[in-house]
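What follows is a short report on a single structure.
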Amino acid sequence: MHLSALTLASLPADIHTPIYDRRRYAPGVVHLGLGAFHRAHQAMVFDQLLSTGDTRWGIHGVGMTRPDLVNQLKAQDGLYAVRIADGQGVKWQVPGALWRTSVATTERDTVVQAIAAPSTRWVTLTVTEKGYTPALAQLLLDGLRLRQQAGLSGITVASCDNLQGNGHKLQALVKAQISTHDTPTQDGDLLSWIGTHCAFPCSMVDRIVPAATPEVLAAASQALGLRDDASLSTEGFWEWVIEDRFADPSDAALLQSAGVRVTGDVHSYEEAKLRMLNGSHTAMALMGAVTGRPFIASCIGVPHIREFVVRLMGQEVAPHLSRSDWADYRTALIARFGNPYLKHSVHQIATDSSQKIPQRWPPSVLGQIAQGASFEHHALAAAVFVRYTLAVDESGQAYALNDPQAESLMALGTAQRTEPEACVRALLGREDLWGSALPQHAAWIARVTHWHQHILQHGVDHAVQQLTEA
């Protein structure tokens, strides 16, 4: 039997399950981007709020393109198990906040109507960095316009993606889309209504949630005594920092009661996460892909890679952060990376690297340059990225480059075999990856070229060891 509303009562007593009625009320949250991360993060926060008796936090989850996941969840009445594992032990929980599901590509009108529903108070998004498109803006606009026309209240639209100033970026994207269809009068009315009644807070979310594996599905079946095709594994740590900017100001205290940090300074947290966690994640993922190590835990478990990550964060990232407790944050990150339960695939993390690197590495490199300080760790990481574009690891095993720029990256990768220096210069010359300043910086190009040549001749591990033993 599968996990479902009918079988929920048969679960073992030590598994935390929803205690509220999931059928009587309409969802108050529309979530765009129904992947593993949301289901193991915001959905569990909303589950906590629902457990207090506040029925306004049920979720209408929208898969942007994946009918397979939505169908799995529909078959299980939106229920799924989450394994939470860390140094304190392992526990299982079945959150119940996911009440309805849709697929944006095939049920667009349903999604628009959900955004416009009288019960909807929030829209949250985890659509990844590459998802901030005019089509996304139009989807939101169509729902917001219906709300305005119906005389309904405004809503909070909260981006939870790894983009600096994500709320500002989303609001700007939506506003830019308004003028493409409406008359000038309608433009002004809708713009004014959104500006007055809707809120686009910036936020930072942090929890490591790997893609589901057969091992997790098997462990879920054993723990539940039922089959669960949508089960997940995550860590005990989670953080959600959100700007104190809500359509309903009373939401601030509610979120704080559930462990969310509401603040006027999201920036210091988001830059620390992007550059420390995400930046080192990308570096390790690329190293793992090239050396044939499958998981982040397999990378951080190697002493010289661990030392590389500690030094990358402490020497080249931390000096340019405004988060004062960065040293404690780094200690926690190292422990989290090594969590043996989190089989976090390096190839999953290396996905869309061309979209992620611009947010994660250049600010620290530019900060080091401005201070006349070393940027060797980032130069080595960039050299590993160049080597990664060969799409074959050091044992000769091919892998896919899952990236919007895969075609151009692989073309450069092929050129490495015959013209490695020209390949490095070509990749480092791309302003979409490195901004406008780094492609002109001779010392940066020289150090990346140096490490790239070392990697081609001696391998990634040898290069990392030489740097960390210097």
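Figures for the structure shown
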item: Cα lying deepest toward the dipole's positive end in the chain, options Thr17, Ala373, Ser159, charges on Cβ; result: Thr17
item: Charge dipole magnitude, Cβ of K and R +1, D and E -1 - region 147-280, Cα centre, debye nearest 20; result: 80
item: The chain: relative contact order as a whole-number percent, Cα under 8 Å and 6+ apart; result: 13
item: Around Ala223: net Lys/Arg minus Asp/Glu count, Cβ-Cβ under 11 Å; result: 0
item: Region 365-435: C-alpha pair distances exceeding 18 Å, %; result: 43
item: Exposed trypsin sites (Lys or Arg not before Pro) absent - longest run of the chain, DSSP non-H/G/I/E/B, at most 13 other C-beta within 10 Å; result: 25-416
item: Against the rule of thumb 2.2 N^0.38 Å, how large the Cα Rg of region 8-263 comes out; result: 1.00
item: Net charge dipole size for the chain [Lys, Arg +1 and Asp, Glu -1 on Cβ; Debye, nearest 20]; result: 400
item: Helix-only [θ]222 nm of the chain, DSSP H runs n ≥ 4, -39500 (n - 2.57) each, per residue, nearest 500; result: -13500 deg cm²/dmol
item: Beta bridge orientation in the chain: antiparallel %, DSSP, nearest 5; result: 30
item: For region 93-141 and region 1-46, distance of Cα centres in Å; result: 17
item: Helix 166-178 axis, angle to the chain major axis (alpha carbon atoms, nearest 10°); result: 70
item: From the C-alpha gyration tensor of region 229-273, square roots of 5λ in Å; result: 23, 16, 9
item: Identified option (computed mean projected area of the Cα convex hull in nm²; candidates (1) 21.4; (2) 22.8; (3) 25.0); result: (2)
item: Region 128-231: radius of gyration over Cα atoms, expressed as a fraction of 2.2 N^0.38 Å; result: 1.49
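Since every read-out is calculated from the coordinates, none of them should be taken as a lab result. None of these values were measured; they are calculated from a predicted model. No Cβ is skipped: glycine too gets one built from the backbone with ideal geometry, and neighbour counts run over all protein chains shown.
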